[in-house]
Amino acid sequence: MTKDTELAFDRLEARASATSGSDFYDRIFLRDHITEVEIGAFQVERGLTQRLSFDVVVEVRAATAPLDDNVDRILSYDSLTEAVAFELAAERLNLLETLAERVADRILHAPQAMRVFVRIQKLDRGPGALGVEIVRSRSADMSADADQTPVHPRIVFMQNTAIEAAALPGWLDHLIEQDAPVILCVGMPDAAPPQTGHAPTQRRIDLLQIEQNAWNLASRDARCVVVDSRTELDWAMRQGKLSVWAPSRIVLDAHDGPKSGADGLALAKWLGELLGAERLVVIGVADMDAFGPETTETFS
């Protein structure tokens, strides 16, 4: 027990060494890497940055050919800091556990990485450090799962007249037959939302109004599934599913999100740019200038 306690609070390299199995690997590590970021599940943590400290140890397989002092033949230390920076920039997160999982997963997709230890600590939430530590190993099918080929969805903005139209099932049939995954976006209902006179709270009310309209659309056709996270959207796109976007989570968690007051169509454009959409389709209007005339399809 004493040994386990000592290891629990020891340097991450010591834990990596003590838990090695019969296979011995080289190790590279990142220690005391401190950055400031907005993160946290509590409302008091929104709008403020706090310091995070990262320690990462990666066990790497031995090179199968001479290194010849060539950096391209190793897992670079920069890969560790880049994994941290990429996941911090992707979206605002609530949990250190989620961040640790994503950093570990990104590192393990490198062919040399066999096992990774990630420790993340919040330095400003109390008199001491609060944190999480995880250990993840490379899975046997990691290479097969590591398809990073970008998926370019088709963003479809549905005006309220289209949501209520009897032709909706036919439009959905047409969209599903296309060779790109579809994400449906909507605006606010026709009824004016409550007005607070306070920009931050008004933004949340407007987004919730849009989400209510998204559920209204989903209620009209069982093929429409409401999703609110980037993870769900990525999965649905790769599976070729039809999604209806509920924007609150992604918009509020974005580091460089749309301006406050953006309407449903502006949010659809922003999402298209974020996901590298191939086209914006507008259903319910006669004319629309979106990503350009060659990539805009209109339905009336």
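The values are calculated or read from the model by the stated rules, or taken from the named source; none is laboratory data. Computed from a predicted structure; not experimentally measured. All Cβ positions, glycine included, derive from the backbone under ideal geometry; neighbour counts span all protein chains shown.
Before moving on, here are some points about what is shown:
- Long-range neighbours under 6 Å by Cβ, at least six apart or interchain, first residue assigned by TED's automatic domain parsing to the domain that holds Ala277 within region 163-179, second of a type outside the set (Val, Ile, Thr) and part of a helix (DSSP H, G or I): Ile163/Leu217
- Listed conditions (1) more than 20 Å from the chain's Cα centre (by Cα); (2) modelled with pLDDT under 80 are all met by Ala192, apart from (2).
- Checking each residue of region 252-268 against the condition of being touching a helix residue (DSSP H, G or I) at 6+ places or on another chain (Cβ under 9 Å), at pLDDT 85 or above and exposed (fewer than 14 other Cβ atoms within 10 Å of the Cβ) gives at least one match.
- Residue match in region 34-57 (condition: at pLDDT 90 or above, acidic (Asp, Glu), assigned to a strand (DSSP E or B) and surrounded by 14 or more Cβ atoms within 10 Å (Cβ to Cβ)): yes
- Flag for Ala290 being farther than 27 Å from Glu38 by Cβ, modelled with pLDDT under 95 and crowded, with 18+ Cβ neighbours inside 10 Å: yes
- All told, Arg31 meets the bar of being over 20 Å from the mean Cα position of the chain (by Cα), at pLDDT below 95 and part of a strand (DSSP E or B).
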